[in-house]
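Where a number appears in this text, it was derived from the coordinates with a stated rule and is not lab data. Note that the structure is a prediction, hence the values are computed from the model and not measured. Don't worry about glycine lacking a Cβ; one is built from the backbone with ideal geometry, like all the others, and counts go over all protein chains shown.
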């Protein structure tokens with residue numbers, strides 16, 4: 001199956017500044033994208049990047065300058081058969097999680113993200129369309145139900161854990177040894193514990 | 001398999017105040033515990049509550065007043081054979097996720113929690129001990145490796161999503177229709193969307 005990975009080539013991951021600078025956000029976003037592409041390739045499925053600007057990658061890049069929702073709905077018109085969408089900011093992703101996503105039955109299959117998002121999606125019927133604005137997990141279920149399509153969800157933390165906020169960087173360091181994790185280590189980003197509550201990160205070196 | 005669910009009967013879920021009062025935190029914690037017990041019973045495994053105080057429940061309650069780490073390590077001495085520990089604050093839990101946990105091979109099997117925690121655990125070798133202080137996911141892997149035990153992890157968002165902070169309540173409303181979710185609805189807790197970022201909650205009614 002073709003698995004499309006949308007990528008915002010302009011100003012990605014703005015909520016990660018600080019601790020990252022604008023240039024660093026770009027590098028980190030590309031490292032996460034590479035982790036996602038690596039995991040897809042390990043499954044034998046075909047990664048395709050849906051980018052807002054041309055990129056020099058080893059996999060095919062489809063350029064669509066429009067915002068995410070319009071670009072993905074446009075993709076549904078350009079393609080036939082089942083389509084998979086997997087977000088680019090999922091560096092915890094594993095080939096096993098992708099296999100579980102792709103092998104889940106349902107006309108629409110959703111892997112929810114932390115905070116109401118949609119982090120991965122299989123669409124097997126073009127009566128569905130996406131709307132990534134707002135609480136997209138809930139909205140996508142509603143859209144599918146109105147079109148009388150069967151909806152299934154995938155229970156995966158590696159797919160749920162998108163990297164949007166500084167505390168999320170701790171998850172990358174804890175659960176991945178891929179490119180994004182090694183990139184963070186090189187920037188001196190380390191996990192800090194608190195006596196109560198969840199771990200977060202701090203930056204031990206300054207450029 | 002016996003599945004033990006530790007429960008703090010004194011002052012549970014303190015980081016949920018506000019929006020919840022102390023009395024409400026207690027009721028909500030019991031609703032979450034009931035969801036976890038229901039899911040375990042649906043798998044055919046035997047739920048056992050490990051509580052800091054006596055409780056009137058339909059399942060056996062083992063009382064140990066000590067902090068979590070000491071109580072769980074004490075449990076390993078009281079029991080024989082594989083032991084499962086599942087936290088009480090996992091209202092998104094499903095029978096399928098518990099089945100996946102229990103059927104995962106490994107002398108130690110860990111379901112990580114958001115922020116470095118350990119939300120569920122299978123221990124098949126008593127050379128292991130727990131330490132829930134700090135970044136317990138990392139610490140538990142280290143403890144297992146030093147004892148030369150095999151460690152496996154379970155990739156489940158329903159097990160990863162413990163309910164500690166107000167924003168976590170949105171996950172309950174989004175992904176569960178169990179007792180904890182219905183309890184929140186009765187208190188007037190609703191999901192609020194923001195233009196950017198993750199959803200959170202607000203309280204629409206006051207007592």
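For chain B, what is the mean residue ellipticity at 222 nm derived from helices alone (per DSSP H run of n ≥ 4: -39500 (n - 2.57); sum divided by total residues; nearest 500 deg cm²/dmol)? Spell out each step's value before the answer.
On the way: 7 runs with 72 residues, N = 207.
Taking each H run of at least 4 residues, the total per residue is -10500 deg cm²/dmol.
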Note to self: Please state the shape class of the range A:88-158: rounded when a/c is under 1.5, otherwise prolate if a/b exceeds b/c and oblate if not, all from the C-alpha gyration tensor.
What the structure shows: oblate
Notebook entry, point to check: Over the range B:2-162, what is the mean sequence separation of C-alpha contacts under 8 Å (at least six apart), divided by residue count, expressed as relative contact order in percent?
Noted result: 23 percent
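Averaged over B:135-143, how many beta carbons belonging to a partner chain fall within 10 Å of each residue's beta carbon? Present the calculation step by step, with values, prior to reporting the outcome.
Working: counts 8, 2, 3, 6, 1, 0, 1, 0, 0.
Mean shielding by partner chains, rounded to a whole number: 2.
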Next item on the list: Could you quickly flag the chain B residue whose beta carbon comes closest to the rotation axis taking B to A, and that distance in whole angstrom?
Entry: B:157, 2
Margin query: 7 Å along Cα→Cβ for the label point: how many nanometres lie between residue B:70 and each equivalent label in the other copies, listed shortest first?
Written below: 6.3
Margin query: I need the calculated FRET efficiency for the pair residue B:96 and residue B:150, taking r as the beta carbon distance and R₀ as 22 Å, to the nearest 0.05.
Written below: 0.40
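Is the range B:82-207 rounded, prolate or oblate when judged by the Cα gyration tensor, a ≥ b ≥ c being the square roots of its eigenvalues, rounded requiring a/c under 1.5 and prolate requiring a/b larger than b/c? Mind showing how you got there, number by number?
Details: a/c = 2.81, a/b = 2.23, b/c = 1.26.
Since a/c reaches 1.5 and a/b is larger than b/c, the shape of the range B:82-207 is classed as prolate.
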Next item on the list: Go ahead and run the numbers for FRET between residue B:69 and residue B:194, Cβ-Cβ distance against an R0 of 30 Å, rounding to 0.05.
Entry: 0.20
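How many Cβ atoms of partner chains, on average, are near each residue of A:150-158 if near means within 10 Å of its Cβ?
5
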Margin query: Rounded, prolate or oblate, given the Cα gyration tensor of the range A:1-114, with a/c below 1.5 counting as rounded?
Written below: prolate
Check: Going highest first, how would you order A:57-66, B:65-74 by mean Cβ packing within 10 Å?
Finding: B:65-74, A:57-66
Next item on the list: Find every distance from the label point of residue B:134 to the corresponding label point in the other copies (7 Å from Cα along Cα→Cβ) and write them in nm, one decimal, shortest first.
Entry: 4.5
Next item on the list: Work out the mean other chain Cβ neighbour count within 10 Å for the residues of B:89-95 and drop it here as an integer.
Entry: 1
Notebook entry, point to check: Can you work out the FRET efficiency for the pair residue B:124 and residue B:22, with r the C-beta to C-beta distance and R0 = 35 Å, to the nearest 0.05?
Noted result: 0.35
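What fraction of the DSSP beta bridges in chain B is antiparallel, stated in percent and rounded to the nearest 5? Mind showing how you got there, number by number?
Values: 14 of 28 bridges.
The antiparallel proportion sits near 50 percent.
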Checklist line | Antiparallel bridge percentage (DSSP; both residues within the protein assembly as shown; nearest 5) | finding: 50 percent
Checklist line | Radius ratio Rg over Rh of the protein assembly as shown, counting only Cα atoms, Kirkwood formula for Rh | finding: 0.96
Note to self: Using only the alpha-carbon atoms, how far is helix A:136-146 inclined from the longest principal axis of chain A? Give it as 0 to 90 degrees, nearest 10.
What the structure shows: 10 degrees
Next item on the list: Nearest 5 is fine: what % of DSSP beta bridges in the range B:97-205 come out antiparallel, could you say?
Entry: 75 percent
Check: Can you give me the Cα centroid spacing of the range B:114-134 and the range A:1-50 in angstrom?
Finding: 32 Å
